[in-house]
Amino acid sequence: MKNTQEKRTPHKRGVSVWKPILLAILAALLFIGIFAGGLCYYVTEIYKPPVSTDPPPFHTDPVSTQPAQPGVDDQTTPPVEEVYIRKDGCYNFLVIGKDRVGLNTDVIMIVNYNVNSGEVSILQLPRDTYIEYHDKAHKINSLYAYLYVQEYYGGNTQTPAKEGVAKFADILQQNLNMKIDYTFLVDLAAFSEIVNAIGGVYVDVPDDMDYEDPDQDLYIHLKKGPQWLNGDKAEDFIRFRSGYVTADIGRIDAQKIFISAMVKQIKSSFTLDTIGKIAEIVVNRVQTDMSLVDATHFASKALSVDLSSIHFLTMPGTDARANVDSGAWYYIIHRADSLAIINRYFNVYEKDISNDIFDKNFAFTSEDKEHIMEIYHTDLSDEFDIKSAEQINQDSIYIPRLP
């Protein structure tokens, strides 16, 4: 019996030594779990991304509200400073999509997200939109390339893309009189990878799509009808424009079809694994000034947005040639309609943007060309062509094709 007791004693001491260690490990893991859960709750439910308290990033003229009194000599009435107060939970994002190799940005979208109302508005700018910068006419899809080259050959060889996007955003802010809170520069390769990360997108292709351009290494061959599009085929779908009666507007409408289907796919099959894959792509392939904390907050909120609350708009305008019957084709925006849309869907301030300060420098028109100015000053429309993601997924969009 004595020997037996002596053999058991060390065993009991061993248990007594490891028990507090195991308890400490379990307590630490529990603490980490509680901390991580609390941090996640804070980021998604309590935290709000900061908003700039700086004055609006566009020119505003103070307006005098008190007329001078008659009979009083040398009287001057000081103007009343315009005050622009941010709406709570309302943000604008600029999304630019560029070619794999070149610097043209054929995808330009401004996305407004009102976290409180759960509304998302997406404004697409046609790639041929006329814009003047440094007294020179540009198609808006070439403006980023122009700014990038200026930065690069001006000595900034380290961050020309970052500065190019920042200047592009600033030009839009100053002339469209809006605040852009975050920017995203996405190349087509990153877009393709994101589509693959969510398992592809189920799209009802409206018509056969056949187009080849060896110079761009572009070979598009898609058949009409519902089908799963992987990253490469999705890229073909959003780039195709050959044979559309409305040219680039047809391509923009096709992008509406794809984005609506993609959002539906993400909402129905989003997993932690998917989040990890997309996060890795964004970190490595997408240039943005948004922090990981802000991205987590917006992503968690956006997943609850209903498809009926996601609205698509195209910047209103009309095609025109530079010299009436000759020269390059441009897309001339309609000033009145554009201002109305920005005030309704993309103004992050409590105060409306007035006609007196909108596009104050006439960057989106040519003051020297009467036919362009006439289009620019088109009368305000009675209604706008606005479609929700839910409507598009149900009814698609008719895109007329040439016979």
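The values are calculated or read from the model by the stated rules, or taken from the named source; none is laboratory data. Keep in mind it's a predicted model, so treat the numbers as computed, not measured. As a convention, Cβ positions derive from the backbone with ideal geometry for all residues, glycine included, and neighbour counts pool all protein chains shown. When the accessible area is computed, the model is the full protein with side chains, heavy atoms only, and any ligands, DNA or RNA have been set aside. Shrake-Rupley method; radii C 1.70, N 1.55, O 1.52, S 1.80 Å.
Among the residues of region 125-143, those identified as under 19 Å from residue 375 (Cβ atoms), outside any helix (DSSP H, G or I) and either open to solvent by less than 40 Å² (accessible area, probe 1.4 Å) or of a type in the set (Asp, Glu) (or both) are 125, 126, 128, 129, 130, 131, 132, 138. Taken over region 181-223, the criterion of being closer than 15 Å to residue 259 by Cβ and touching a Leu at 6+ places or on another chain (Cβ under 9 Å) is satisfied by 184, 195, 200, 201, 202, 203, 205. Scanning region 369-403 for residues that are open to solvent by less than 50 Å² (accessible area, probe 1.4 Å), in contact (Cβ under 8 Å) with a residue 24 or more places away in the chain, assigned to a helix (DSSP H, G or I) and not small (Gly, Ala, Ser) turns up 371, 372, 375, 376, 392.
Of all residue pairs spaced 6 or more apart or on separate chains, none has beta-carbon atoms under 6 Å together with a first member in region 41-69 that is within 23 Å of residue 358 (Cα to Cα) and open to solvent by 100 Å² or more (accessible area, probe 1.4 Å) and a second member that is at pLDDT below 55 and of a type in the set (Ser, Thr, Tyr).
With assigned to a helix (DSSP H, G or I), over 17 Å from residue 393 (Cα atoms), hydrophobic (A, V, I, L, M, F, W, C) and touching a residue at least 24 places away in the same chain (Cβ under 8 Å) as the only criterion, which of 266, 275, 257 stands out? Write out each step before concluding.
Details: 266 fails: over 17 Å from residue 393 (Cα atoms); 257 fails: over 17 Å from residue 393 (Cα atoms).
Sole residue among the options that is assigned to a helix (DSSP H, G or I), over 17 Å from residue 393 (Cα atoms), hydrophobic (A, V, I, L, M, F, W, C) and touching a residue at least 24 places away in the same chain (Cβ under 8 Å): 275.
Any idea which of 308, 326, 338, 304 is part of a helix (DSSP H, G or I) and farther than 21 Å from residue 180 by Cα?
Working: 326 fails: part of a helix (DSSP H, G or I); 338 fails: farther than 21 Å from residue 180 by Cα; 304 fails: part of a helix (DSSP H, G or I).
Result: 308 is the single residue among 308, 326, 338, 304 that is part of a helix (DSSP H, G or I) and farther than 21 Å from residue 180 by Cα.
Got a sec? Which of 146, 84 is more than 27 Å from residue 307 (Cβ to Cβ), open to solvent by 40 Å² or more (accessible area, probe 1.4 Å) and either at pLDDT 95 or above or in contact with a strand residue (DSSP E or B) (Cβ under 9 Å, 6 or more places away or on another chain) (or both)?
Details: 84 fails: open to solvent by 40 Å² or more (accessible area, probe 1.4 Å).
Result: 146 is the single residue among 146, 84 that is more than 27 Å from residue 307 (Cβ to Cβ), open to solvent by 40 Å² or more (accessible area, probe 1.4 Å) and either at pLDDT 95 or above or in contact with a strand residue (DSSP E or B) (Cβ under 9 Å, 6 or more places away or on another chain) (or both).
Within region 244-258, being among the aliphatic types (A, V, I, L, M) and under 13 Å from residue 315 (Cα atoms) holds for 249, 252. Only a single criterion out of (1) open to solvent by less than 20 Å² (accessible area, probe 1.4 Å); (2) touching a Phe, Trp or Tyr at 6+ places or on another chain (Cβ under 6 Å); (3) of a type outside the set (A, V, I, L, M) is not satisfied by residue 181, namely (1).
For region 228-254: of the residues being at pLDDT 95 or above, within 22 Å of residue 100 (Cα to Cα) and outside any helix (DSSP H, G or I), which is most open to solvent (accessible area, probe 1.4 Å)? Looking at the filtered set, the residue picked out is 230.
Counting only residues that are in contact (Cβ under 8 Å) with a residue 24 or more places away in the chain and either under 23 Å from residue 254 (Cα atoms) or outside any loop (DSSP other than H, G, I, E, B) (or both), region 341-365 holds 5 of them. The residues in region 118-158 that are within 21 Å of the chain's Cα centre (by Cα) and on the phi < 0 side of the Ramachandran plot can be counted, and the count is 23. Note on region 154-193: residues that are assigned to a helix (DSSP H, G or I), under 30 Å from residue 88 (Cβ atoms) and touching a helix residue (DSSP H, G or I) at 6+ places or on another chain (Cβ under 8 Å) amount to 5.
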